[in-house]
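Comments concern the structure below.
All of the numbers you see were taken from the coordinates with simple rules; none came from a lab. Here the structure is a predicted model, which is why all the values come from computation and not from measurement. A quick note on method: Cβ atoms are made from the backbone with ideal geometry, for glycine too, and the neighbour counts reach across all protein chains shown.
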Amino acid sequence: MTATGGDSAVALVTGGNRGIGREVCAQLVRLGHTVLLTARSADAAREAADAVAATPLPLDVTGNESIAAAAKFVEERYGRLDVLVNNAAITYDTWQRASTADLDVVRTAAETNLYGPWRMVQRFLPLLRHSDHPRIVNVSSEIASLASMGAGTPAYTSTKVALNALTRMLAAELRADRILVNAVCPGWVATDMGGPGGRPVAEGAASVVWAATLPDSGPSGGFFRDGRPIPW
């Protein structure tokens, strides 16, 4: 995928300072993208960006002013956004069950896991519409598949289910704008959130990069892992 005028595609990755987000940034850089690696801490963004040859950008997806400042930077520097990867997520609450869950924990998780991507799409949509090949990738989880859902992790699971629903709605709404919107499960990955024993980070990130670099004829409104559909 190339951007307007043959320039490298501009990609923004939330939560890019560690784990899957950082590896997504690294892989997109290797593919020739101009990558904006974001993190809540400017120092964390700078350190991670230096390691993968990306551009650091402080961004808190729970803050409207922070998102507006990031969007202004992208608009003034590039005039468009080609790829938005909504990766930032919190609260893998394995200690909770739905019947006894602390709903304040659920609300806090939703601010990052659901409303964060929603805010990002709303604010960056004008810049995505300036792209010749716009892509939105929402990093989800198979744990949010209703077809195989079990007990546990109610905050994380419910917010990812809602993110999947948002993916479907946006894909339908933005089809006329040629914006491909998909949800991707990177699988159980050995990260700070996933814990030890999972697949290599590079494999999980590759699923996300696949959706970020789809051709114009690619799918939209789907739920994928490793390029293959997952039941909703």
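Among 51-63, 32-44, sorting by the average number of other beta carbon atoms lying within 10 angstrom of each residue, highest first, gives 32-44, 51-63.
Mean residue ellipticity, 222 nm, helices only, the chain: the sum of -39500 (n - 2.57) across DSSP H runs of n ≥ 4, divided by residue count and rounded to 500, is -13000 deg cm²/dmol. Explain nothing, just the number: dipole magnitude of region 4-229 about its Cα centre with +1 on each Lys and Arg Cβ and -1 on each Asp and Glu Cβ, in debye rounded to the nearest 20. Taking the Cα centre of region 4-229 as origin, the dipole is about 340 debye.
In order along region 46-58, the Karplus-derived 3J(HN,Hα) couplings, from 6.51 cos²θ - 1.76 cosθ + 1.60 at θ = phi - 60°, round to 5, 5, 5, 5, 4, 6, 10, 6, 9, 9, x, 8, x Hz, and Gly and Pro are given as x. For region 97-198, trypsin sites (Lys or Arg not before Pro) meeting the loop criterion (DSSP other than H, G, I, E, B) and having at most 12 other Cβ atoms within 10 Å: Arg97.
Counting only DSSP beta bridges whose two residues both lie in region 4-229, roughly 10 percent are antiparallel. Relative to the longest principal axis of the Cα atoms of the chain, helix 201-212 runs at roughly 60 degrees.
With N as its number of residues, region 4-229 has a Cα radius of gyration that, divided by 2.2 N^0.38 Å, comes to 0.94.
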